[in-house]
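Since every read-out is calculated from the coordinates, none of them should be taken as a lab result. Quantities reported herein were computed from a predicted structural model and do not represent experimental measurements. Every residue, glycine among them, receives a Cβ derived from its backbone with ideal geometry; neighbour counts consider all protein chains shown.
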Amino acid sequence: MLATVSQGGLPAHVGFGLLAVLWLLATGQAYRYIRAGEQAAHRRWMTRSYALTFAAVTLRIYIPLSQVVGLPFEPAYQTIAWLCWVPNLILAEWLILRRQDAAPIQTRDSIVPA
């Protein structure tokens, strides 16, 4: 199981645990939708999955930066456990909503730009 052990105490453990659950959920939903032939829903869930997967990258950026600016490790790590994925997911949701707003409106006879 993911996030069974983490440094930084309970805040970090919960942050990474929730990341793991949401990551598996998002990827599972994406798989379910593509199997059902629903490409738009699959694309939305893969955007979320990618954002959560990218947490591994943002974590590895934030940890050295926190050390460079002289933050104490444990409190910084507790915060980074959340900062490495929550902003990514917010950005993904914003992109999803932006794409939906820009999507053409389907009418009976034609497609008209929104």
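General observations
- Flag for Trp23 being in contact (Cβ under 8 Å) with a residue 24 or more places away in the chain, under 30 Å from Asp101 (Cβ atoms), touching a Pro at 6+ places or on another chain (Cβ under 8 Å) and not acidic (Asp, Glu): no
- Qualifying residue in region 45-60 (condition: among the hydroxyl-bearing types (Ser, Thr, Tyr) and over 18 Å from the mean Cα position of the chain (by Cα)): no
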